[in-house]
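Enquirer: This is the structure, below, for whatever I ask next.
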Amino acid sequence: MNIPEGLNDLLPEEVSKRRLLENRISKIFTQWGYQEIITPTFEFYDMLARGAGSIMKKEMIKFFDREGNIIALRPEMTTPLARVTSTKMQQEPKPLRFYYMGNVFRYDDFKVGGQREFCQAGVELIGANNKEADAEVIALAVECLKNSELKNFFIDIGHINFFNGIMQSIKAKEKRKLEIKEAILNKNFVLLEKMLSFSDIKDREKELILKMPTLRGREEVLEGAEKMVNNKLSLSALKEIKKVYNLLRDYGLEEYVLIDLGIIRDFDYYTGIIFEGYTDYLGFPICGGGRYDKLCSRFGENLPSTGFAVGLERLIMALERENINSLDLKKPDQYLVCYQNNKDNFKKALKAAKNLRKKGLIVELEVGKREFAEVLNYARSKRIKYIVMVDDNQPNKIKRIEVTSGKEEIINL
Amino acid sequence: MSRENNTNYLVIALPSGKLFKPSIKLLEGIGIDLKGGKEINRKLAFFDQEEEIKFVITRPKDNPTYIECGVADIGIVGEDVLLEEKKDVYKLLDLKFGKCKMVVAAPKEREQKKYYKNNGHRLKVATKYPRIAADYFKKKRIYVELIKLYGSVELAPQVGLADMIVDIVSTGRTLEENKLEIIDEIIPLSAQLIVNRISYKTKHKRINRLLQDIKKFISLESDKIAEW
C-alpha cells in the first residue's frame, strides 16, 4: 500500500494551503501581463536535455516509450517553455510574457528530504535583452513573495560573468581551471585554497576567489569589487548589476534586494544577471532565476530571455515558520443538512441545501440516516458550524442548530 | 528544533564520537567556555546566552544534514562523511585534527600483483564508504564488486566475505591485528568546518569572526592539534 520513494500525497488541509498560495501567485503574475502556459509532464529526453547541465541530466527520471524513444519527466519548466516559444510562437510579437505552475521531477537523492516531485511557479520574459527586462523579472519575484505574504526575505542579485571573467583571466592550465571551478561549485574552499596555492595565480585574484561567497551587501560591494578585478568581462558584469540595482531602486524595492557576487547557479543555461531568494527560515534558496540568452537558440530561435521560479513546497514551509496561520483560509460556514426519513422531507432537504449553497455556504447532505447524536458527533469532529433539521412539523421552515452551543432556531427554507 | 528560533543564535552542530572531545577543545581554545563539554553532552542542545550560541550534538554521519537544511549554521565533521554524503554545504576550513587516511587494504600473505588480475574482475571489496570506493576504483579503471558494511570491515577478508577493504586508518593498529596491509592510500582525511550556504551570507560577520579565531588558534597550536 505504498507509493514510490520521494513522492507525497497531499491531504485536504495541505491542498487548501497549496491552492491558496497558487491563487495569490497566479493573480500577481496575471496582473503583470504574464499568461499561463501548460506543457506536457513528460517529453523526449533529448529536448529536455538541451537545457540541462551534466548534473541535471543524471537527475532526470527517464523511461522508454513503445517505439524505444527515451522519455523524461520534466526536471524544470524553463526548457519546455523555450521549446514552445521557439517552435510554435515565432510569429508572435515580442516580448512574450508567460507563467507556469506545475510539478517537476528529479532524483534529488542527496538533498534534504529527497523529494522527487515538487511544484514550481515561475515566469519567463522572452525576447527582451535590456536591463529593464532583468529588473522587471526580479521585481516580480519580490512581488510574488510579498503577495504570498512572506515578510522576511531577500533577493540577492549577481552576474554569471563576474565569476566567468575571473576564471578566464586566471593564467593556469585548462585542467587546473576546471578543478578550481569544480571546487567552487562544490563549495569546497579547503580544496580550493590548496589548489590556488599550487597554481601561479596573483595573490589579489586568489583572495578574490576565496572571498567571493561573502561579497554581499549594497552598492559598496560593487565599488569594492571594481577595485579587485581588472578583466573586461567581470567589470561589465558589475556595471550591469549596478544598472539593474538602480532600476530596482526606482521600483522602490531596495529593502528587499542585495548585491551578491557569490551566487553560482546549478543550471548551465544562464548568461547574465542571476538571482536567488533567501529567508531566515530556510537553509536553502526559496526561489531563483536569471538571464538565459542562448537557450532558445538551441531550439532554433534567437530569443534573449530571463525568468525565475519559486518552489511552492519551500515557500509554504517558510510561510508557516514565519507565521503558522499565514495559509489558513477563511472558509464560509459549513452546514450539514439532515432530514426525517420520508420522501417529502428528502425533497425539502434538497431544496434547503440548494438555497444555502446559493448563498455561498458549504453544505453537506446527510446520507447515512444516522441518529441525531451520531450526526452531532460527526459535525463536531468535522468543524461543521450548523446542522439543519428538516421535518414534517412546519412547511417552508427548517430548524437550524448551532453545533458548538446546541442553540436552535427556526428559519425560512 | 526549527530554524525560526535560530535567527538570533549561531547554532553549532558538534559530532558525537571521537571528534567530540577535540571539537570541545578547539572551541574552548578560542574562548568559548563549555566546561569540558560535560554539560552539553548531557543535554543534546545547550545554550550560551551570553555569546548567543546554541550547541547541538549530532551523530557524526548526520552532521552535514543538519547544516545542509539549515537547522544548524556551523558543523564539525570528518572529511570521510563529506566525501561519502556529498552535501550542499560550504567546506570552509581544515581543522587539522582527527587526522587519518582512507586506504585500500588486503590480507598480507597474498601476492599484490594478483589483486588486479583482469582489472579486478570478480574482486570483492568490503567498505563502509561505497561512494568513495566506487569513485576510486572507477578512476583506476578497476572493476570490483563492492559490499556495503556498517562496521568491523576488517573482519570481511578473514571470513571470506571480501578480498580487500576500503576503510579509514589512523594508527594502523586494527589493520595489524587483522593481518591486513595497506596496498594504496586513497586520500588523507581530517576534521572539517562546514557552514550552511545561506547562513554564510546572512550571519557572515559572526561566522567570519569565529573562523578567524579558529584559524589563528590552529596556526598557533598546530603541533598540539595534530596530536588530538
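Enquirer: Quick test for you: out of A:ASN152, A:ASN186, A:ASN164, pick the one residue that is surrounded by fewer than 19 Cβ atoms within 10 Å (Cβ to Cβ) and more than 14 Å from chain B (Cβ to nearest Cβ).
Expert: It is A:ASN164.
Enquirer: Also, quick follow-up: Please identify the pairs in which a residue from segment B:196-223 that is closer than 18 Å to B:SER23 by Cβ has its Cβ atom under 8 Å from the Cβ atom of a residue that is among the aromatic types (Phe, Trp, Tyr) and in a helix (DSSP H, G or I), counting only partners at least 6 apart or on another chain.
Expert: As it stands, the answer is B:ILE207/B:TYR200, since those pairs meet every condition given.
Enquirer: Follow-up. Report the residue count in segment B:56-73 for those that are more than 8 Å from chain A (Cβ to nearest Cβ) and β-branched (Val, Ile, Thr).
Expert: 3
Enquirer: Being over 20 Å from A:GLY122 (Cα atoms) and part of a loop (DSSP other than H, G, I, E, B) narrows it down to one of A:GLY51, A:GLY6, so name that one.
Expert: Matching residue, one of A:GLY51, A:GLY6: A:GLY6.
Enquirer: For a quick check of your reading of the model, give me the residue pairs whose first member lies in segment B:127-141 and is without any contact (Cβ under 8 Å) to a residue 24 or more places away in the chain and assigned by TED's automatic domain parsing to the domain that holds B:VAL169, whose second is of a type in the set (S, T, N, Q) and in a helix (DSSP H, G or I), with beta-carbon atoms closer than 7 Å and at least 6 apart or on different chains.
Expert: Short answer, once both residue conditions are applied: B:ARG141/B:ASN119.
Enquirer: Moving on to the next point. Check A:THR306 against each of (1) surrounded by 13 or more Cβ atoms within 10 Å (Cβ to Cβ); (2) among the polar types (S, T, N, Q); (3) outside the structural domain of A:PHE98 (by TED's automatic domain parsing); (4) within 35 Å of the chain's Cα centre (by Cα) and name the one condition it does not meet.
Expert: Unmet condition: (3).
Enquirer: Looking only at segment A:283-321, which residues are in a loop (DSSP other than H, G, I, E, B), within 14 Å of chain B (Cβ to nearest Cβ) and either out of contact with any Cys (no Cβ under 8 Å at 6 or more places or on another chain) or closer than 20 Å to A:PHE29 by Cα (or both)?
Expert: Within segment A:283-321, A:PRO285, A:ILE286 meet the criteria.
Enquirer: Among B:TYR143, B:TYR136, B:TYR150, which is the only one that is surrounded by fewer than 22 Cβ atoms within 10 Å (Cβ to Cβ), over 22 Å from the mean Cα position of the chain (by Cα) and hydroxyl-bearing (Ser, Thr, Tyr)?
Expert: After ruling out the rest, the residue left standing is B:TYR143.
Enquirer: Taking segment B:152-195, which residues are in a strand (DSSP E or B) and without any contact (Cβ under 8 Å) to a residue 40 or more places away in the chain?
Expert: None - no residue of segment B:152-195 is in a strand (DSSP E or B) and without any contact (Cβ under 8 Å) to a residue 40 or more places away in the chain, so the list stays empty.
Enquirer: A:ARG66 is checked against (1) over 22 Å from the mean Cα position of the chain (by Cα); (2) under 20 Å from A:GLN120 (Cα atoms) and fails just one. What number does that condition carry?
Expert: (2)
Enquirer: A further question on this structure: Among the listed residues B:LEU175, B:LEU189, B:LEU146, which satisfies the condition of being among the aliphatic types (A, V, I, L, M) and within 14 Å of chain A (Cβ to nearest Cβ)?
Expert: B:LEU189
Enquirer: Please find, within segment B:74-84, the residue that is nearest to the other protein chains (Cβ to nearest Cβ) out of those that are in contact (Cβ under 8 Å) with a residue 40 or more places away in the chain and touching a Lys or Arg at 6+ places or on another chain (Cβ under 8 Å).
Expert: For segment B:74-84, the residue satisfying everything is B:LEU82.
Enquirer: Moving on. Pick out the one residue from A:VAL137, A:VAL123 that is part of a helix (DSSP H, G or I) and buried (at least 22 other Cβ atoms within 10 Å of the Cβ).
Expert: A:VAL137
Enquirer: Right, another one. Mind counting the residues in segment A:145-203 that are part of a loop (DSSP other than H, G, I, E, B), at pLDDT below 90 and polar (S, T, N, Q)?
Expert: 2
Enquirer: Restricting attention to strands (runs of 3 or more DSSP E) lying wholly within segment A:364-413, give those where 2 or more residues are surrounded by fewer than 16 Cβ atoms within 10 Å (Cβ to Cβ).
Expert: A:397-402, A:408-412
Enquirer: When segment A:260-282 is examined, which residues are found to be in contact (Cβ under 8 Å) with a residue 60 or more places away in the chain, assigned to a loop (DSSP other than H, G, I, E, B) and within 10 Å of chain B (Cβ to nearest Cβ)?
Expert: A:GLY262, A:ILE263, A:ASP266, A:THR279, A:ASP280, A:TYR281
Enquirer: Can you tell which of A:LEU238, A:LEU253, A:LEU208, A:LEU247 is more than 14 Å from chain B (Cβ to nearest Cβ), more than 19 Å from A:ILE166 (Cβ to Cβ), hydrophobic (A, V, I, L, M, F, W, C) and in a helix (DSSP H, G or I)?
Expert: Answer to the check: A:LEU247.
Enquirer: I'd like to verify a number: residues in segment A:167-183 that are hydrophobic (A, V, I, L, M, F, W, C) and within 13 Å of chain B (Cβ to nearest Cβ), how many?
Expert: 1
The values are calculated or read from the model by the stated rules, or taken from the named source; none is laboratory data. Worth saying up front: this structure is predicted, and the values here are computed from it rather than measured. So basically every Cβ, Gly included, is an ideal-geometry build from the backbone, and we count neighbours across all protein chains shown.
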